[in-house]
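Peer 1: This is the structure I want to talk about, given as C-alpha cells.
The values are calculated or read from the model by the stated rules, or taken from the named source; none is laboratory data. Note that the structure is a prediction, hence the values are computed from the model and not measured. Glycine also receives a Cβ, built like all others from the backbone with ideal geometry; neighbour counts cover every protein chain displayed. When the accessible area is computed, the model is the full protein with side chains, heavy atoms only, and any ligands, DNA or RNA have been set aside. Shrake-Rupley method; radii C 1.70, N 1.55, O 1.52, S 1.80 Å.
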Amino acid sequence: MSEPRRSMAEIAAWIEAHADEPMPLERLAARAGISPSQLQRRFTASIGSSPNAFQRALRVGRLKDGLRRGAPVSGAIYEAGFGSVSRVSLPLR
C-alpha cells in the first residue's frame, strides 16, 4: 500500500528532521505518495530548490553551526550528515 499524499511542506519538514540520513528521491517520493519526477517538480516549485539541494543546504547550515560552536572539523562534518570530509565541497563562508 502506498503512502497517502503529503504536502511539500510536510516533505520539507521530514527532510529537515532526517537531514543527516541518506535521502534517495525514490524514498521521498514514496513518502509523498507521488512519483519521483512529480516530487522533483512539485518540491522545486513549492520550496524553491530540489529536495537534494534543500537537504544539502540544511547539512551545510548544521556544519557551520558546529564549527561556530568550536566542534572539531571531522566531528562537525559527521554530525551534519556528510559522512566524510571528501563529501564537503562547498565554501563555508
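Peer 1: Residue check: is Ser50 of a type in the set (Ser, Thr, Tyr) and under 10 Å from the mean Cα position of the chain (by Cα)? If you could, list the steps in order and put the result at the bottom.
Peer 2: Details: of a type in the set (Ser, Thr, Tyr): yes; under 10 Å from the mean Cα position of the chain (by Cα): yes.
Against the criterion (of a type in the set (Ser, Thr, Tyr) and under 10 Å from the mean Cα position of the chain (by Cα)), Ser50 qualifies.
Peer 1: In segment 46-83, which residue that is in a helix (DSSP H, G or I) and of a type in the set (Lys, Arg) is most open to solvent (accessible area, probe 1.4 Å)?
Peer 2: So, considering only residues that are in a helix (DSSP H, G or I) and of a type in the set (Lys, Arg), the one most open to solvent (accessible area, probe 1.4 Å) is Arg68.
Peer 1: Something else about it: Mind counting the residues in segment 1-35 that are more than 27 Å from Leu63 (Cβ to Cβ) and either open to solvent by less than 60 Å² (accessible area, probe 1.4 Å) or at pLDDT 95 or above (or both)? I'd like the intermediate steps shown before the answer.
Peer 2: Kept after step one, since they are more than 27 Å from Leu63 (Cβ to Cβ), are these residues of segment 1-35: 1-7, 30, 33-35.
Pick out the ones that are also either open to solvent by less than 60 Å² (accessible area, probe 1.4 Å) or at pLDDT 95 or above (or both) and you get 7, 30, 33-35.
Adding up the residues that qualify gives 5.
Peer 1: Which residues, taken from segment 1-34, are out of contact with any helix residue (DSSP H, G or I) (no Cβ under 6 Å at 6 or more places or on another chain), assigned to a loop (DSSP other than H, G, I, E, B) and over 28 Å from Ile77 (Cβ atoms)?
Peer 2: Met1, Ser2, Pro4, Arg5, Ser7, Gly33, Ile34
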